[in-house]
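Report on the following structure.
The values are calculated or read from the model by the stated rules, or taken from the named source; none is laboratory data. As the structure is a prediction and not an experimental result, all values here were calculated from the model. All Cβ positions, even for glycine, are placed from backbone atoms using ideal geometry, and neighbour counts span all protein chains on display. Just the protein is used for accessible areas: all its heavy atoms, side chains included, with ligands, DNA and RNA removed. Shrake-Rupley method; radii C 1.70, N 1.55, O 1.52, S 1.80 Å.
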Amino acid sequence: MPESRPRNGQTLAERAAFVREQARWIRKRALRMVFDARQGHPGGDLSATDALAALYFDVMRYDPADPRWAGRDRFILSKGHATGALYSTLALAGFFPQEELTTYMQPLSRLNGHPNRNKIPGVETNTGPLGHGMPVAVGIAIAAQIDKADYRTFIITGDGELQEGSNWEAAMTAGHRKLSSLTLIVDRNRLQQGAGTEDTVGLDPLDDKFRAFGWDVVEVDGHDIEALLPLLDGSIRHDKPLCIIANTVKGKGISFMENKASWHHGVPNAEQYEQAMKELDA
């Protein structure tokens with residue numbers, strides 16, 4: 001893996017260490033939100049956290065004081081149910097006060113179960129119904145191509161979400177137009193609500209599918225920050241859209257949640273919560 005360009009003179013290892021600490025905070029805060037609200041999607045929150053932390057705390061260009069700044073990089077969380085991780089990331093990045101995270105899922109809170117661009121700064125588009133984020137991201141990348149703008153567009157999808165046909169229409173268009181500013185991260189934890197992806201509607205060989213649609217494809221350990229950063233930061237150039245298949249663990253970091261479909265949508269009891277927080281601190 002080629003070494004990434006330095007950030008403020010930091011080595012790749014130093015950058016990764018910083019991102020890793022942000023990811024630890026995000027995981028703990030997201031779990032607390034789910035525990036306090038008594039609802040949420042902790043399994044998918046925890047599998048996507050490392051990619052979110054890498055994007056927001058090393059890779060993307062944005063200004064929390066001016067969320068609609070025209071030069072910003074765009075990010076879409078297509079698996080819109082993973083709001084515990086997304087809201088924690090946005091708050092840590094400064095888009096709104098961290099204290100507001102205590103309102104998660106409460107009546108009249110703007111931090112509801114799916115992100116709303118009309119309420120929450122830093123959210124590019126409303127997501128929740130699966131398969132909607134990719135078409136929007138492709139449209140944004142097409143706009144950048146037409147305008148000759150230099151911003152980049154990033155999207156995280158769930159792997160089960162790729163069973164929605166709208167993703168493949170968007171992927172075909174992105175490949176045809178050679179949208180090199182578009183990067184897709186597939187949160188490949190191989191579990192969806194109630195079962196494994198390959199037991200529901202099989203996706204493999206997922207890499208070959210995207211290549212057939214005209215994408216560059218890389219597989220990576222989705223929890224290996226040092227491997228993720230050079231793939232995301234633009235130091236490796238592409239003339240096609242890039243699909244990063246991030247092999248992840250649902251419920252990452254919590255022993256009783258890891259690789260359990262039942263934690264797609266579940267809430268820990270008090271004893272489980274205490275154990276989980278200790279494990280995330282380890």
| request: Work through the residues other than residue 239 whose Cβ is under 10 Å from its Cβ and net out their charges, Lys, Arg +1 and Asp, Glu -1. | output: +2
| request: Mind checking the full-extension length gain between residue 272 and residue 99? Use 0.36 nm per residue of separation minus the Cα-Cα distance, one decimal, nm. | output: 59.9 nm
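Suppose every K and R has +1 on its Cβ and every D and E has -1 on its Cβ; what is the size of the dipole of the range 130-282 about the Cα centre, in Debye to the nearest 20? If you can, show how the numbers build up before the last one.
Numbers: 14 positive and 24 negative charges, 107 e Å.
Magnitude of the dipole: close to 520 debye.
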| field | 13 Å cut-off, amide nitrogen to a point 7 angstrom out along residue 146 Cα→Cβ, residues in the range 59-82 | value | none
| field | Karplus-derived HN-Hα couplings along the range 242-247 (A = 6.51, B = -1.76, C = 1.60, θ = phi - 60°), whole Hz, x at Gly and Pro | value | 10, 10, 9, 8, 8, 6
| note | Given backbone amide H placed at 1.01 Å from N, residues whose amide H is under 5 Å from that of residue 243, ignoring those fewer than 5 places away on the same chain, are 184, 216, 217, 218
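Provide the per residue accessible area, probe 1.4 Å, for the chain, rounded to a whole number of square angstrom. Please list the in-between numbers first.
Numbers: 11750 Å² over 282 residues.
With the other protein chains kept in place, the chain gives 42 Å² per residue.
Taking the Cβ of residue 117 as the centre, find all other residues whose Cβ is under 14 Å away and add up their charges (Lys, Arg: +1; Asp, Glu: -1).
Values: positive: 68, 72, 74, 110, 119; negative: 124.
Result for the neighbourhood of residue 117: +4.
Report, to the nearest whole %, how much of the accessible area of the chain belongs to carbon and sulfur atoms, 1.4 Å probe, protein only. All intermediate terms of the calculation are to be shown ahead of the outcome.
Numbers: 5860 of 11750 Å².
Carbon and sulfur: 50 percent of the exposed surface of the chain.
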| note | With -39,500 (n - 2.57) per DSSP H segment of 4 or more residues and division by the full residue count of the chain, the 222 nm estimate, nearest 500 deg cm²/dmol, is -11500 deg cm²/dmol
